[in-house]
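Have a look at the structure below, then the notes.
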Amino acid sequence: MERTPAIFCFALPLLLLQLAGCTAKQEEPASPIIQAAEKAGSGDLTNSSTQAMEQWLGKHRPVSDTIEGMCKPVRQTANAQWADSTEGRLCSASHDLAFFRSAPVTGDGKTFRPGHH
């Protein structure tokens, strides 16, 4: 009885696992939101993390405001996978910045003095 070399016993299963794990990455559809950011100078956002996008948008607040305005209607109808897409990550970054954006405080003009109710 002939013995199979030990390397085949280990290499073949590893090769099969590697091939099974390889899937073709789907191309994302063209997005006006991504195009707006890239046109403003962000560079290619395809492999950028949400945090990296947020840092860039934080330095370009007018662009962030524009992106957030474009994202609002898309966010309403987005599916679960959208959050993992480039557009979804960019919209998440702009939304995080919009949440922490401060607006001027306005009052009603009333003042209060100690001792008066």
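Bear in mind that the values in this text are calculations on the coordinates, not laboratory data. Here the structure is a predicted model, which is why all the values come from computation and not from measurement. Positions of Cβ are generated from backbone atoms using ideal geometry, with glycine treated the same way; all protein chains shown enter the neighbour counts.
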Please give the net charge around ALA30, taking every other residue with its beta carbon less than 15 angstrom from that of ALA30, where Lys and Arg add +1 and Asp and Glu add -1. -4
Taking N as the number of residues in segment 32-99, what is its alpha-carbon radius of gyration divided by 2.2 N^0.38 Å? 0.96
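Given a Förster radius of 25 Å and the C-beta distance between ALA52 and ASN79 as r, what FRET efficiency does 1/(1 + (r/R0)^6) yield to the nearest 0.05?
Here the calculated transfer efficiency is 0.55.
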Rounded to whole Hz and in sequence order, give me ³J(HN,Hα) for segment 56-73 from the Karplus expression 6.51 cos²θ - 1.76 cosθ + 1.60, θ = phi - 60°, writing x for Gly and Pro. 5, 4, x, 8, 9, 4, x, 5, 4, 4, 4, 4, 4, x, 6, 6, 3, x
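Normalised by the residues of segment 32-99, what does the relative contact order come to in percent, with Cα pairs under 8 Å and at least six apart? Could the numbers behind the result be given before it?
Numbers: 58 pairs, mean separation 30.1, N = 68.
Computed value for segment 32-99: 44 percent relative contact order.
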